[in-house]
Amino acid sequence: MTRLTPTDVGVIGTGSCLPERRVDSREVAATLGVEHRWIVERVGVLERRFAGTGETGTGLAARAAARALDRAGVAPEDVDAIVLATSTPETPIPGVAARVQEAVGARNAFAFDVNAACAGWLVGIETARGFLRADERRRYVLVVGADTYSRILNPGDRRTYPLFGDGAGAVVVARVPAGEGIGRIEIRTDGRLGHYAVGGHGNLLTPDGLAGGAHHLTMLGRDIAALVRTEFPALVEDAVKEEGLTVADVDHLVCHQANPRLVREVAENAGFRPGQVVLTGDVIGNTAAASLPIGLDTAVRDGRIRAGDTVLMITFGAGMTWGRALMRWPSAARP
């Protein structure tokens with residue numbers, strides 16, 4: 001892979017944090033009144049983590065960010081910006097990024113939130129890269145994904161309740177040697193499909209709205225799956241062709257874990273071997289904007305991703321928004 005961007009930017013440290021509470025799919029099945037096997041076969045999630053009393057998305061994000069900084073060997077006061085992707089903030093004001101800035105001690109960092117639902121973290125990576133390119137004095141950006149979807153789920157909805165879990169993932173982004181780091185990022189949105197996934201704390205917060213469950217997430221799962229099956233092959237093909245590669249040249253495929261069964265299906269159909277695919281959704285569920293950075297951190301800590309490896313990231317989120325990025329893991333990144 002030689003055609004990476006002239007000003008190469010890459011990930012030099014990763015971190016993640018999950019809530020303490022594990023929720024087995026047998027418990028979810030009992031809540032929904034379905035067989036445990038139904039969830040495992042249709043969704044592929046064996047367990048997920050739900051934030052408990054006293055646990056917040058901000059707290060998870062701060063711990064993930066601190067771990068990423070520690071692994072990168074970067075002092076909090078040296079961080080120039082924090083970009084935090086979430087669609088489940090505890091409060092609309094102030095943003096979660098500002099709270100994380102205070103929590104980790106990144107007192108010199110500009111901090112702000114982005115919301116592209118499950119695709120938000122990749123949007124944050126594109127934003128961070130532009131921020132570094134705009135001023136050579138800037139050195140480090142924290143890009144965090146954090147969501148607590150358990151708090152907007154309807155426990156009676158079979159389309160959403162089995163899928164999601166809570167968590168946070170973070171990376172430190174910095175300039176890296178030429179030929180390393182993140183290549184072109186491609187992100188697309190089709191607002192005509194916005195009705196595929198709708199909900200959240202800010203939706204109709206009135207007594208009638210709350211009583212009717214208007215704040216709960218609703219999804220058209222079959223339509224989303226059809227979109228993934230349609231767009232995934234093109235995302236893969238475009239990414240590898242741009243760099244003169246083939247699917248076989250990709251060391252690791254890190255996908256948004258919308259549905260582990262669907263991830264396995266589309267990856268196999270695109271020509272990936274099981275050993276190339278980083279899968280986390282089976283044990284933590286769909287962690288929304290945290291999905292990609294948790295996947296990266298898991299693979300790094302497991303010793304799977306190493307310096308020089310080619311990593312393809314693909315994401316989908318409400319909007320609908322989808323995108324991809326191919327990168328060569330930098331030599332500066334720390335395990």
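The values are calculated or read from the model by the stated rules, or taken from the named source; none is laboratory data. Everything numeric in this text was worked out from a predicted model, so none of it was measured. Don't worry about glycine lacking a Cβ; one is built from the backbone with ideal geometry, like all the others, and counts go over all protein chains shown.
Of the residues in the stretch 264-279, at least one is closer than 23 Å to Phe50 by Cα, crowded, with 17+ Cβ neighbours inside 10 Å, out of contact with any Leu (no Cβ under 9 Å at 6 or more places or on another chain) and not hydroxyl-bearing (Ser, Thr, Tyr).
The criterion of being out of contact with any helix residue (DSSP H, G or I) (no Cβ under 6 Å at 6 or more places or on another chain) and among the polar types (S, T, N, Q) does not hold for Ser25.
Within the stretch 42-55, the set of residues being in a loop (DSSP other than H, G, I, E, B) and either in contact with a helix residue (DSSP H, G or I) (Cβ under 9 Å, 6 or more places away or on another chain) or at positive phi (or both) comprises Val43, Gly44, Val45, Leu46, Ala51, Gly54.
With respect to Arg37, is the statement that it is at pLDDT below 95, under 23 Å from Phe316 (Cβ atoms), surrounded by fewer than 21 Cβ atoms within 10 Å (Cβ to Cβ) and over 18 Å from the mean Cα position of the chain (by Cα) true? No, not satisfied.
Beta carbons closer than 9 Å, at least 6 apart along the sequence or on distinct chains, pair a first residue in the stretch 90-105 that is under 18 Å from Leu142 (Cα atoms) and surrounded by fewer than 24 Cβ atoms within 10 Å (Cβ to Cβ) with a second that is at pLDDT 95 or above and hydroxyl-bearing (Ser, Thr, Tyr) for Gly95/Thr86; Arg99/Thr56; Arg99/Thr58; Ala103/Thr58. What do you reckon, is Thr127 of a type outside the set (Asp, Glu), touching a residue at least 24 places away in the same chain (Cβ under 8 Å) and more than 19 Å from Tyr140 (Cβ to Cβ)? It is false that Thr127 is of a type outside the set (Asp, Glu), touching a residue at least 24 places away in the same chain (Cβ under 8 Å) and more than 19 Å from Tyr140 (Cβ to Cβ).
On inspection, Arg133 fails the criterion of being farther than 18 Å from Ala64 by Cβ and in a strand (DSSP E or B).
So which residues in the stretch 153-190 are of a type in the set (Val, Ile, Thr) and crowded, with 21+ Cβ neighbours inside 10 Å, if there are any at all? Correct list: Thr160, Val171, Val172, Val173, Val176, Ile182. Could you say which residue among Ala29, Ala106, Ala65 is assigned to a helix (DSSP H, G or I) and either under 20 Å from the mean Cα position of the chain (by Cα) or modelled with pLDDT of 95 or more (or both)? Result: Ala65 is the single residue among Ala29, Ala106, Ala65 that is assigned to a helix (DSSP H, G or I) and either under 20 Å from the mean Cα position of the chain (by Cα) or modelled with pLDDT of 95 or more (or both). Here Gly124 does not fit the description of being in a strand (DSSP E or B) and either surrounded by 18 or more Cβ atoms within 10 Å (Cβ to Cβ) or modelled with pLDDT of 95 or more (or both). Just one residue in the set Thr206, Thr218, Thr160, Thr246 is more than 25 Å from Gly308 (Cβ to Cβ) and modelled with pLDDT of 90 or more; that residue is Thr160. Only one of the numbered conditions (1) in contact with a Phe, Trp or Tyr (Cβ under 7 Å, 6 or more places away or on another chain); (2) in contact (Cβ under 8 Å) with a residue 40 or more places away in the chain; (3) more than 25 Å from Pro89 (Cα to Cα) is violated by Asn286, and that is (3).
Listed by first and then second residue, the pairs linking a residue in the stretch 160-173 that is touching a residue at least 24 places away in the same chain (Cβ under 8 Å) and over 15 Å from Ala111 (Cα atoms) to a residue that is part of a strand (DSSP E or B) and hydroxyl-bearing (Ser, Thr, Tyr), with Cβ atoms under 8 Å apart and 6 or more places separating them unless they lie on different chains, are Thr160/Thr218; Gly167/Ser16; Ala168/Ser16; Gly169/Thr14; Gly169/Ser16. Residue pairs whose Cβ atoms lie under 8 Å apart, sitting 6 or more positions apart in sequence or on different chains, and linking a residue in the stretch 292-319 that is closer than 15 Å to Ile187 by Cα to a partner that is charged (D, E, K, R), are Leu312/Arg324; Met313/Arg324; Ile314/Arg324; Thr315/Arg324; Phe316/Glu231; Gly319/Asp190.
Restricting the stretch 44-80 to residues that are surrounded by 23 or more Cβ atoms within 10 Å (Cβ to Cβ) and β-branched (Val, Ile, Thr) leaves a set whose member that is nearest to Glu265 (Cα to Cα) is Val45.
Flag: Leu142 matches the condition of being aliphatic (A, V, I, L, M), on the phi < 0 side of the Ramachandran plot and under 20 Å from the mean Cα position of the chain (by Cα).
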